[in-house]
Protein chains: 2
Amino acid sequence: MSVGDGLIGLPVTDSVPVERGDAARNRALLLAAARRLIDERGANTVTMDDVATAAGVGKGTLFRRFGSRAGLMIVLLDEDEKTEQRAFMFGPPPLGPGAPPLTRLIAYGRHRLRFVWDHRVLLADANTDPHMRFNAPATLHRTHVRMLLAAAGTTGDLDAQTQALLSLLDADYVTHQVEDLGHDLDRQGDAWESLARKLCGS
Amino acid sequence: MSVGDGLIGLPVTDSVPVERGDAARNRALLLAAARRLIDERGANTVTMDDVATAAGVGKGTLFRRFGSRAGLMIVLLDEDEKTEQRAFMFGPPPLGPGAPPLTRLIAYGRHRLRFVWDHRVLLADANTDPHMRFNAPATLHRTHVRMLLAAAGTTGDLDAQTQALLSLLDADYVTHQVEDLGHDLDRQGDAWESLARKLCGS
């Protein structure tokens, strides 16, 4: 329900802030309802009808706002990605700044494994598009891991080592580990830590 | 045109070996023609009409034999995969047995990079199916890399290190490196060697 983002200094008519407020309110209601339903029953079973009903908002508004069910899911994923990014870039240690680089790298992997598992369906969809795997959306994670490797004084080809580490967080791989091999997230976190320690030479 | 594979001890009529010979001859002609055309112009521009014409075989025979263009391409990939597998399992060193494990691992990566680049279109297709990425077709490569890491006395989580190494041979990643970043196969081979040496502690 935050109002006024980006509006400072722009000429606005009397009616615009009111419409924006309504739209923002509906958006917030719809996203909150979608999150609540997904938490309760998992993303796969939640329909657009469910979301509109739970939010007390017309289905037409829901579709106008998000385009499709996939559009709604992408907005939810994007919001969660931003929250996670803030946590590892600006949040408290050991995930955020203040802890030694290797400690942050280990915390990042364990945190991200949980995120990937919680968002595995949407992330696996994105995975089928190679541009999603190696370009814009993945770049921040790549930059973060590479920065921590460099800060830890890691020797060798840092780009290759970054790719190598991130392959353990691939949504399809994480799902395969859990569903086909029975390796839970703690065990996968240990594997991440083992590889991170080895690359950082500790 | 090998005849008799699996036929020993089985009762056959007089006509069967002749039909088998014809079928085998057509198959060999079609595959040889497809390979020649792909070598000349790249896989993307070769049509089923081209293959049938070049082989001097009816188009109906081509479709009956391989089902579809995709089916033909999969047979070609499969044949090449088997040739490569024989080379790293039974061929001369440094790829095959006889060289030290790390030397073999380095040779495998450089060899496989070239294979992946040459077959990138088909492999990228297979990549969109997570079962293709982590199950049967990929298992032999996974087993081979893990075996060499173990033979080299590598410490830590060998499964994670195997996944990490193999991520550098992912068809989408290799293509991204070449086409978006301008990193040729030699440079990628150096990155593979750098990571392999680090994991093996050399």
* To do: Kindly establish whether A:Val121 is among the β-branched types (Val, Ile, Thr), part of a helix (DSSP H, G or I) and at pLDDT 90 or above.
  => no
* Structure fact -> Counted residues in segment A:146-187 being assigned to a helix (DSSP H, G or I), over 20 Å from A:Leu123 (Cα atoms) and at the interface with another protein chain (Cβ under 9 Å from one of its Cβ atoms) come to 3
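Yes/no per residue for (1) hydroxyl-bearing (Ser, Thr, Tyr); (2) buried (at least 19 other Cβ atoms within 10 Å of the Cβ); (3) modelled with pLDDT of 95 or more:
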{"site": "A:Leu165", "(1), (2), (3)": "no, yes, yes"}
{"site": "A:Leu169", "(1), (2), (3)": "no, yes, yes"}
{"site": "A:His176", "(1), (2), (3)": "no, no, no"}
{"site": "A:Asp186", "(1), (2), (3)": "no, no, yes"}
* Structure fact -> The condition from (1) aliphatic (A, V, I, L, M); (2) under 25 Å from B:Thr162 (Cα atoms); (3) under 14 Å from the mean Cα position of the chain (by Cα) that A:Ile74 misses is numbered (2)
* Residues satisfying the stated conditions in segment A:58-96, i.e. closer than 21 Å to A:Trp192 by Cα and either in contact with a Lys or Arg (Cβ under 8 Å, 6 or more places away or on another chain) or of a type in the set (A, V, I, L, M) (or both) -> A:Glu84, A:Ala87, A:Phe88, A:Met89, A:Pro93, A:Pro94, A:Leu95, A:Gly96
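Taking into account only those residues within segment A:126-137 that are buried (at least 16 other Cβ atoms within 10 Å of the Cβ) and within 11 Å of chain B (Cβ to nearest Cβ), which is modelled with the highest pLDDT?
The selected residue is A:Asn127.
The values are calculated or read from the model by the stated rules, or taken from the named source; none is laboratory data. It should be emphasised that the depicted structure is a prediction, and the values quoted were computed from it without experimental measurement. A quick note on method: Cβ atoms are made from the backbone with ideal geometry, for glycine too, and the neighbour counts reach across all protein chains shown.
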